[in-house]
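Just so it is clear, none of the values below were taken in a lab; they were calculated from the coordinates. Predicted model, so just to flag it, every value in this text is computed and none were measured. Neighbour counts are summed over all protein chains in view; Cβ atoms, including those assigned to glycine, are modelled from backbone coordinates with ideal geometry.
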């Protein structure tokens, strides 16, 4: 099967690779470009652990074709911190002990990041809605909800 | 066409570790030349916090700051044998092995410090902040860092320790079931408040209130993680989850998260936990282990609350709307049971949400 | 959400610790929130191959023929594995501790016993190529009658699920089709009870559903070894299982893991490691075997269903005088860990209560469904559901508040439990009192005054009663299930020595130790009525004669070996090494 070239910006850096026409973005990120932040959880768009931003919008990388991201900006949880400085969501997740096994955390952070970008001061219900496509089997969700609300309330929070 | 509230409770205990013993754990600890310690285990951290629990236990036993200890659980080439992370055995079994290893390493550390200070090692104490000094004479001191450097480069000592913990395997009598099972048991009691819709059969968990006795709490926030996440799982087991909805008929097996139901972030209930600490005589600093038991009381408490609300006993899990509606029909209507107690004495944690 | 009650049991604790008891940040949290935490699948390999298995579509069928020729020729396919390629194609997980017979193949041989049982494995250059080739494997089946109900499976003439256990139950002590618990005389107590209540409970199977599915990557390493990145919950458990199945020495396997995306018990079974390593051995390339979500849901072993019958004798004043529990673990087609759960369940009966007459019969039954395995609360969760719903019914029948009823019947320090050991370190009453207070559930003054420290271990509560014995449920003799009692074990009789001396080695400096190794009372003389206990002390010794040695060598020496010199000189004799589980349960590996 002939491979197709794809050029995209990944967390601000220009990257290029060759992909199969039917290859999901998740495979390209993990196996092609070596960004292991998005995880494989179901391959069916039902668990949210592969959530990434494509041009700022949350997308499920397992259901997104890599070729469809040609020329677009893909952001993963790997790019959430600004160098050594953590994003307010990251510090809030830490403060609220909002991760146990950590497998859903990159997708959860990315979903929350998209929420705060659009809605800097969400209500609890809006937070619940924003992460309702992200499954966590460990925490019971409450610490995650509290962490996102706390990040939104943090003074001088960087929103992007 | 009405919503009926009900309240139920359950109380349980739980054995810590493989029930019959026979499940060893081993740990190795060594120091860098500057007195920073690595704990090598083959135990598994699957979210329960094995690394951090081991780290705090090692730091406490060594008498050094927690930042001076890192735990590696990754590798069969470096971590000695351990049975594994299951049966709520991690904190108890591995915690004790880590204590054993840390005590040995501490012994060498104090011997090396004694040689530098020209005192008897038995007279030395640690301050938990990186210093070793003579008991009652804080000025006669040496840092852990200087001690480690002297031990390695001057005295030729290895500051290291090895530890194993094993509860020997118990036999079981065929005719009476006599055995020596676990020595450490944790305890819990949980109250569930539910609302049952008599038209749809849907159950909403309104709140849960519990008390857990877990021996020594090694890290309160991590205990909270286990108990809150475990209560969610208990609620999920009670009301939602099954791969075989008409068991033992194997049909209708769910294949994905669209078909296998679990409560989402919008379905969770406010939950208050009180933790009691009655130290286990053989636990690490008296610790037991909260991980496995924390779903258990939720299932019967919810079942009992549903009965209290509408008078239907559902004895087959999960408690689906179908089973509740069939029960109400068989009873000729809802039969609410006597109310129990009043409003809870706690409030959901206030969350600062900007207007 | 979490509140610590430091006032309770304060005199049993020294709250002067430096870092234990503090909410220090988790060591792994920075890795989790920066997505730098590496799970097993987060490792890149050049030339990575992908393994997919062909699974049985039938719950029970004989395999007539297997044709892999088209699949082997398919594009990208590097190797097709069949049962004959697996060096040791029969295993049981607990063979590592010598418990139970090998009963499960890695790839099915003559028949399949559940929907989803692996039959053939395909290894290809890409997942897509492996999936495409999987469809080209031709397997002819002759369907057999399946059995799905645990009690149906135990009836004479039921289809044989697992040929290793042809009566469809796990065999305990080479004598019985179940594990017994006998304490006092339940039948006599039922006869004099004011109220007898009996109910049936059914625990659903449950899927572990970790967000990370089961999987592993195996790759040839330098020095003729294989590195395995794995999600195993027991690193050496999985290493030992793999070493046995692929017939390699343990030191030729290098397992890396320790960081797992949720397990809950579903990652104990080594579902992928043996075939991944075998694939790496036979192709010389890295092989990745990861379950997709549908496989994880349908064929990743679940928490097994349990059917539980409870019969209780109750007095009008609320005292429970007898409890009999009969339950059935649904093991699915193979044993995995169910045999162990039944023992754990037996020790748990009758729950955290003191009851003077208790008996239970815990069965492990084989059915034609995916083998079940451990899950959070293994052996306990289901029976706790049944016991606590039953307790609610009993409280109602006695006209008592459920909280008061729990406190009335709660076990306390010093009470003898039905497995004939004294309860210590109990705290059920305090948990009930505190939960009631926080929930604003009023208790009587009398209930509020009760304590786990007081009132236990007095009179009958401190005694092992005369106990009625029976020989019901003998292996291969279903007619013996209804047999009458055969005799009475005298009061106070004990057969198993109290040798629970924990071994804690490596503590050469005891001086500054913040905790002491606990010491238990020395074992008393064995009871008058029992056979001599199993060999008390043995050490792992010579390798067994088998061509595929288990990772933990069994201890073949029948004679007790002297305690090793490293034992603390002042301590009473201790047991070192793995005692044979076969001497515990009387079931030999074959």
Ranked list, fewest to most other Cβ atoms within 10 Å of each Cβ, for C:441, C:354: C:441, C:354
Inter-probe distance in nm under a simple model that places probes 7 Å from Cα toward Cβ, at residue A:16 and residue C:155: 7.1
Region A:4-79: radius of gyration over Cα atoms, expressed as a fraction of 2.2 N^0.38 Å: 0.94
Equivalent ellipsoid, chain C (semi-axes from 5 times Cα gyration tensor eigenvalues, Å): 44, 30, 26
Fraction of beta bridges assigned by DSSP in region B:25-165 that are antiparallel (%, nearest 5): 80
Cα pair distances of region A:88-153 binned at 5 Å [whole percent]: 4, 21, 36, 27, 10, 2
Angle between chain C longest axis and helix C:428-438 axis [Cα atoms, degrees, rounded to 10]: 90
Relative contact order for chain C, counting Cα pairs under 8 Å that sit 6 or more residues apart, in percent: 16
C-alpha long axis of helix C:273-283 to longest principal axis of chain C, angle in °: 20
Distant alpha-carbon pairs in region C:193-319 (separation over 24 angstrom), percent: 44
Shape category assigned to region C:51-151 from the gyration tensor of Cα positions, a/c cut at 1.5: oblate
Fraction of beta bridges assigned by DSSP in region A:4-79 that are antiparallel (%, nearest 5): 90
Region B:135-189: C-alpha gyration tensor shape, a/c 1.5 cut-off, then a/b vs b/c: prolate
Residue order, fewest to most surrounding Cβ atoms within 10 angstrom, among C:256, C:66, A:145, B:319: C:66, C:256, A:145, B:319
Where only C-alpha atoms are counted, convex hull volume of chain B per residue in Å³: 219
Over chain B, relative contact order from alpha-carbon pairs under 8 Å, at least 6 apart, %: 24
Cα centroid of region C:411-460 to Cα centroid of region B:165-238, whole Å: 17
Cα long-axis angle, helix C:381-398 against chain C (0 to 90 degrees, to the nearest 10): 30
Antiparallel DSSP beta bridges within the protein assembly as shown, as percent of all bridges there, nearest 5: 80
Extension gain from residue C:198 to residue C:65, taking 0.36 nm per residue of separation minus the Cα-Cα distance: 42.9 nm
Region B:25-165, relative contact order in percent, only Cα pairs under 8 angstrom and at least six apart counted: 34
Region B:51-87-region A:10-34 distance, computed between alpha-carbon centres (Å): 37
Cα-based shape type of region B:25-165, given that a ≥ b ≥ c are square roots of the gyration tensor eigenvalues and the cut on a/c is 1.5: prolate
Packing-based exposure ordering (other Cβ within 10 Å, fewest first) of C:58, C:222, B:237, A:73: C:222, A:73, C:58, B:237
For the protein assembly as shown, radius of gyration divided by Kirkwood radius, i.e. Rg to Rh on alpha-carbons: 0.95
Cα-projected label distance for residue B:347 with residue B:34, points at 7 Å along beta-carbon direction, nm: 4.9
Simple label model, 7 Å out from Cα along Cβ direction - residue B:67 to residue B:5, nm: 4.9
Residue B:140-residue A:85 FRET efficiency (beta carbon distance; Förster radius 41 Å; 0.05 resolution): 0.45
Spatial separation of Cα centroids for region C:261-313 and region C:104-170, in angstrom: 15
